[in-house]
Amino acid sequence: DVPKGPDSRGDSAGPRRGSLYDRHCAAINNGQGDLGDLGCHLHRARVPPATSTPCCQQHSEEVCESCLVKTTLTAENVVEANKLSNNYKFGFKKWKSHVTARPWEDRSEIVKELYSDLNVVRGSGGSTLTCGNVLYLLLFGWWLSLLYVLVAAVMFLTVLGAPYGRLCWDLAGYFLWPFGKVIQKVEVPKSHQACEAGVGESSALLGGPTPRRWLGTGHWHRASTAVWLCLGYPVLVLAHGLVCVTSWLLIILIPVAKLSARAASRVLLLPPEWLLTRRLRMTEVPLEGEVILCCYRAANPYYYKYTVDGINVFAVNLLPLVLVTLVLGYVDSHNQLSGSAVKFTLALLSIMPLSYYIGMAIASISAQSNFAVGAVVNATFGSITELTFYISALIKGSREGNRCYAEVVKSALTGTLVGCVLFVPGLCMVIGGIRHQEQRFNSRSAGVSSALLFLSVGGVFAPTLFSKVYGKLVCGECHNVTQNPLGHYLCHNCHFDLMDNNGTLYYSHVQPLVYTVSILLPAAYLIGLFFTLKTHTHIYDIHISDCHMPGHHHSAVVHWSRWRALVILLLSTLCMSACADLATEHISPILTSSTISQYFIGVTVLAMVPELPEIVNGIQFALQNNLSLSIEIGNCIAVQVCMLQIPILVLFTIFYPTNFTLVFSDLHVYASMFSVVLMNYIFMDGKCDYFQGTVLVMVYFILLAVYFFAPSPSGC
């Protein structure tokens, strides 16, 4: 993409061009921030073909306007390139995480340390008196050391277990403060030596390879070993298991989890005479014998990046919550163990990891498939999280004859629309603006989403506006404030009645309008897909370059194959349906007993909790100065709410009659229209900063305050 230099001639043109291209990529990548840890580069540096010299002589963080023509992506392999390209396609889920394993040599030293085993001795580890190490001492060190002392006393009392008693006494001092100390295997018979694999992301989850069990040696035939395995080892394994699980859930203390797992699986199973515990001097580097454990830090704040088979550690830790929710929800159906509020909260929290797994599966399938398959998967499962909850709520409301569920669904739809238009891009602008003074985005692609938003909002609220014009105003109670029959009346609980004269207005006018809108909106969505993905692809103008970092590998090692991703997608969808059913089953007491408006519950909790994985993706894109994707995340969700989710709910009511009608309250109409207008005004010039993001976030919170103080819908 970079033209030849003016003095490039003959055979030397090729090498000179390659050298200039490499320098060009390096300069742009460095100007975009710390993209080395992402495994991909994004820069806009397309030089017009007619230009004989580069338009930018110096590629700084501010790239000249004539270069902002093409978005060039550099990926590690074909699958990752497809994923990055899909991020820029309208209607496709934007996914930040890698769907393939990154080459180990391309990872930063910080990330490499996350996956390393605790058996590396460093020359100068620095001071071991840190906040994380003190936290370990307060949470685990003191009682774990005391337990080792008690086990040592028991072993000494058995006489036969005296060797293990001495080992436990040494380990008591070690686990009280293990930092800057090592546990070595000082004597290893040659017949028992095994070659352990190198450190990498595929290393054992909690501390390296599992040791061989020397079942044929004399160690396992000793009487002392039998005493140890019966009296000492089980107690310590339970203690280390508790430490391992607790520290793993805390995430930043994952090194402690590795320490405990390695101690239970290897240290405590070796002969005591093979082990030596010692403190390292600051200048001491080489040690004779194998180092089994060597830890310097109990906490590492970068463990939020840790992944297990491509799955973020937060999603891994929240997965057991789904199982607890399902078991507790369906086993304790009479609320004997916990109340409805607890079960509703657990069901709602369980939706977050399931949304992550669904998003990861969709991104994996789309990256490994052709365009048609990716489009079908995104259109089918892209909104499955929200639709599952909405349909479950409408079914429950229809069975109970309660209109509140339909109003809650409308509030959730409006809350998702307003939140994705105001809160998601506003928050991304604020957080991204902290690192980057001014951020630019593709105003043409954002204009397509904005136009669809205007169209969809107008179509969705057309039946509501129609009912306001032709409906009959009916009030629940009226009082004469002047004591004069012809005077003024004060009325409460007024609404427009569409069922007057046996519902002639609704069935003859409003309902056909609703069905017409429900057909036109998906058709407009398909036209938008065809426009952006087929006839006007130059709007995004994505180019996959072969410029890459040193150590780049073209072979793709995917985390999830297509079949595995499909199975996970179906299982996650099934669990999502069960959690949505539990949430709607136990939301009724909250709606009836809570003093908070049902409007507020719908537009906040029910609307934004399922979108948390998308919000996190948007923030990560904004931090890497890629605000275009952050904005597209919110716009795509808002467009799908109006053009796909609402028509599907209307279609569902045809086959399963519910209380859901496409007539919204005035508050929903005004909040949605004002949000869309404000968003288009902010995004008009194609650049933004943290102040504009603050405006969007503040307006969102003002609308939340309005919903909070608003009275509950009539009939609830």
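The values are calculated or read from the model by the stated rules, or taken from the named source; none is laboratory data. Nothing here was measured: the structure is a model prediction, and the numbers come from that model. We place every Cβ from the backbone using ideal geometry, glycine too, and count neighbours over all the protein chains shown. With ligands, DNA and RNA removed, areas are computed over all heavy atoms of the protein, side chains included. Shrake-Rupley method; radii C 1.70, N 1.55, O 1.52, S 1.80 Å.
Taking all protein chains together and a 1.4 Å probe, the residues Leu160, Leu582 rank Leu160, Leu582 from largest to smallest accessible area. Computed packing ranks the peptides 267-275, 396-404 as 267-275, 396-404, most packed first, by mean other Cβ atoms within 10 Å. With 23 Å as the limit, the listed pairs Lys112/Lys258; Lys83/Lys305; Lys396/Lys468; Lys94/Lys534; Lys343/Lys396; Lys96/Lys410 have Lys396/Lys468; Lys96/Lys410 beyond it between alpha carbons. For the stretch 306-709, the fraction of 1.4 Å probe accessible surface lying on carbon and sulfur atoms is 67 percent. In the stretch 306-709, a dipole from Cβ-located charges (positive for Lys and Arg, negative for Asp and Glu) runs towards its positive end, and of Val313, Trp560, Ile596 it is Trp560 whose Cα lies farthest in that direction.
For Val409, the shell of other residues with beta-carbons less than 11 Å away shows a net charge of +1, using +1 for Lys and Arg and -1 for Asp and Glu.
Placing +1 on the Cβ of every Lys and Arg and -1 on the Cβ of every Asp and Glu, with nothing else charged, gives the stretch 306-709 a dipole about its Cα centre of roughly 280 debye.
Across the stretch 306-709, the mean sequence separation of Cα contacts (distance under 8 Å, 6 or more residues apart), normalised by length, yields a relative contact order of 38 percent. In the context of the full set of protein chains, residues of the stretch 306-709 present 44 Å² of accessible surface per residue (probe radius 1.4 Å, heavy atoms only). Where the alpha-carbon atoms of the stretch 306-709 are placed on the principal axes, they occupy 89, 55, 40 Å, in descending order. Subtracting the Cα-Cα distance of Arg278 and Leu612 from their residue separation scaled by 0.36 nm leaves 115.6 nm. The packing ranking, built from the mean of other Cβ atoms within 10 Å per residue, places the peptides 230-242, 565-577, 659-671 in the order 659-671, 565-577, 230-242, highest first. The accessible-area ordering, largest first, of the residues Arg564, Arg107 stands as Arg564, Arg107, per a 1.4 angstrom probe. Over all other residues within a Cβ to Cβ distance under 14 Å of Ser577, the charged ones net out to -2, with Lys and Arg as +1 and Asp and Glu as -1.
The peptide list 85-98, 311-324, put in order of mean Cβ contacts within 10 Å with the highest first, becomes 85-98, 311-324.
Building the convex hull from the alpha-carbon atoms of the stretch 231-322 and averaging its projection over directions returns 8.1 nm².
With both labels modelled 7 Å from their Cα along Cα-to-Cβ, the Tyr470 to Val235 distance reads 8.2 nm. On full extension, the segment bounded by Arg444 and Val154 gains 96.9 nm, given 0.36 nm per residue less the C-alpha separation. Against the criterion of solvent-accessible heavy-atom surface with a 1.4 angstrom probe, Leu280, Leu526 sort, most first, into Leu526, Leu280.
The gain in end-to-end length when the Arg166 to His221 segment is fully stretched comes to 17.8 nm, 0.36 nm per residue minus the alpha carbon separation. Note on Arg564 and Asn370: the model spin-label points, each 7 Å out from Cα along the C-beta direction, lie 2.5 nm apart.
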